[in-house]
């Protein structure tokens, strides 16, 4: 199964976006093993309307209801962490300041349900 995710910048000015690779992480509930990602260290310049894409292929082994999840790496705009959305459950009070800021800057969407046959 091939999945593509797109992050679109809707601002009005050019920005420097700091992120990891791939910028969008995807996982599949029927997949075995862990994914490894570089969380930050890449700088991209985005114009208004600019898009960043990520693709991933999953080997579908199980039939039935499965879920595809997607989230970004930590994101900074012009050197400052953004206010993310959807990752609130991963942020705890006992985290250090840098890991907490990084986790709060991720964007996460609700899992998409698919029926694998």
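The values are calculated or read from the model by the stated rules, or taken from the named source; none is laboratory data. Owing to the predicted nature of the structure, the values given are computational and were not obtained by experimental measurement. Counting neighbours? That spans all protein chains shown, and the Cβs are built from the backbone with ideal geometry, glycine included.
Tabulated results
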quantity: Failed condition for residue 12, given (1) surrounded by 11 or more Cβ atoms within 10 Å (Cβ to Cβ); (2) out of contact with any strand residue (DSSP E or B) (no Cβ under 6 Å at 6 or more places or on another chain); (3) modelled with pLDDT of 90 or more; calculated: (1)
quantity: Residues satisfying the stated conditions in region 77-94, i.e. without any contact (Cβ under 8 Å) to a residue 60 or more places away in the chain, outside any loop (DSSP other than H, G, I, E, B) and in contact with a strand residue (DSSP E or B) (Cβ under 8 Å, 6 or more places away or on another chain); calculated: 85
quantity: Options 44, 74, 69; residue that is assigned to a loop (DSSP other than H, G, I, E, B) and without any contact (Cβ under 8 Å) to a residue 60 or more places away in the chain; calculated: 74
quantity: Pick from region 95-117, criterion outside any strand (DSSP E or B) and touching a helix residue (DSSP H, G or I) at 6+ places or on another chain (Cβ under 9 Å), ranking: farthest from residue 18 (Cα to Cα); calculated: 95
quantity: Any hit, region 31-49, residues being touching a helix residue (DSSP H, G or I) at 6+ places or on another chain (Cβ under 9 Å) and modelled with pLDDT under 95; calculated: yes
quantity: Residue within region 75-86 that is loosely packed, with under 12 Cβ neighbours inside 10 Å, in contact with a helix residue (DSSP H, G or I) (Cβ under 8 Å, 6 or more places away or on another chain) and farther than 24 Å from residue 117 by Cα present; calculated: yes
quantity: Matching residues in region 95-117 - criterion: being under 26 Å from residue 2 (Cβ atoms), under 16 Å from the mean Cα position of the chain (by Cα) and touching a residue at least 40 places away in the same chain (Cβ under 8 Å); calculated: 107, 109, 111, 112
